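Just below is one structure, and these are the notes that go with it.
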Amino acid sequence: MATENRVRKIALDAAKILVTALIIFVLVRKLGWGTIVDTVSGSIPQWLAAAFAVYFLSILLGVVQWRVILENRGLSLPFKRVFKLYFVGMFFNSFMAGGVVGDIVKVASIRSRHGRGMAGLAATVLDRFAGLWALCGFAVMGSIILLNRGMLTHGRVTTAVIALFAAFALFAGIMLFLMFKPLQKLFFSIIDRYSFFTKLRIKEIISEMLIEAQDFKLMISVFALAAVTQFLRIGAQISTAASLGMVTAENFQYFFVFVPIIAMMMTIPLPFGVREAAGGALFALAGFQRDTAFIMGFLTSLIGIAVSSLGGIFFITEKMHKSKVKKI
């Protein structure tokens, strides 16, 4: 069984690398290597520096947000420890295929070192939920502005916006469930009938995430932090686009709609390049210059990888430290 799982994982990783290589090959062939080099070399360094700084600041606020939720779930960790773990998570989310790999790494580390895997999982899920909720809020507001201005005319873009409103409604339903006792009782009474859910410890996991009356004030602070954090993440992408001369007073609202869509795609374990290409296609459909839109998507991801590379350093040094301890 272990050998089969290892072979399956290797095959999956190889398939993802192949997809990434194929996407990059197609884009380079379509755009032309000269166009890519000229566009990137012609970018405005000040705006790129701003994107780097804004993204770094958003991660710092994310550290604070996650630590607040961890403490609320009964896990009081030193800021330094949370800082390192969060950056490690961001590194894996940026560098690896799929934006949940880093979350798994964080939870696994909390479980192995502090023995509180369930609490770590609950805090991480709530942290992700707060971020997605904030992004959806920005997207809905941006969509309403664009709809009022008659700027959402392309069918595919309109479909994406409808999907966003559906996601917002879904998050509202999840939020209601986390706070409303009768809904929780009904849900738990249903899953208690099936041993399958008991084996997966679904009730135990969800119980860790429920928001009690005494938590409301704290959760308002968390959602406020999430709003600022995600606003900065959107700001980082706008800064990257500004470095390529893409942002105007008439089109910046699109970033508040499309960046949340791209962020939601990050929760799916997609190979590197799929999310960036899809984001570029969305901006191109909205009227942005096609070549520059695709280049912006990849440049934004590279900035994210560069900022979160500190997490890679933390991960490697911790592994080296553990290896030395074992030898002793």
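Just so it is clear, none of the values below were taken in a lab; they were calculated from the coordinates. Model, not experiment: these values are computed from the prediction. No Cβ is skipped: glycine too gets one built from the backbone with ideal geometry, and neighbour counts run over all protein chains shown.
Here is how the numbers come out for the structure above:
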read-out: Simple spin-label estimate for Tyr194 and Ser309 in nanometres, 7 Å along Cα-Cβ; value: 4.6
read-out: Out-of-range pairs (alpha-carbon distance over 22 Å; input Lys80/Lys203; Lys106/Lys217; Lys181/Lys217; Lys84/Lys319; Lys181/Lys203; Lys203/Lys319); value: Lys80/Lys203; Lys106/Lys217; Lys203/Lys319
read-out: Residues of the stretch 170-188 with amide N under 15 Å of the 7 Å Cα→Cβ point at Phe216; value: 176-182
read-out: Distance between the stretch 19-63 and the stretch 219-253 - C-alpha centres, whole angstrom; value: 16
read-out: Net +/- balance of residues flanking Leu61 in space, Cβ distance below 13 Å, scoring K and R +1, D and E -1; value: +1
read-out: Proxy reagent accessibility, fewest Cβ within 10 Å first, across Arg73, Arg29; value: Arg29, Arg73
read-out: Computed lengthening from Ala21 to Met179, 0.36 nm per intervening residue step minus Cα-Cα distance; value: 52.4 nm
read-out: Potential extension, Glu204-Glu318 segment - 0.36 nm per residue separation minus Cα distance; value: 38.0 nm
read-out: Relative contact order (%) - the stretch 29-138, alpha-carbon pairs under 8 angstrom, separation at least six; value: 22
read-out: Residues Thr248 and Val37, FRET efficiency given R0 of 22 Å [Cβ-Cβ distance, rounded to 0.05]; value: 0.35
read-out: Computed label-point distance, nm, for sites Ile145 and Ala169 using a 7 Å Cα→Cβ extension; value: 2.5
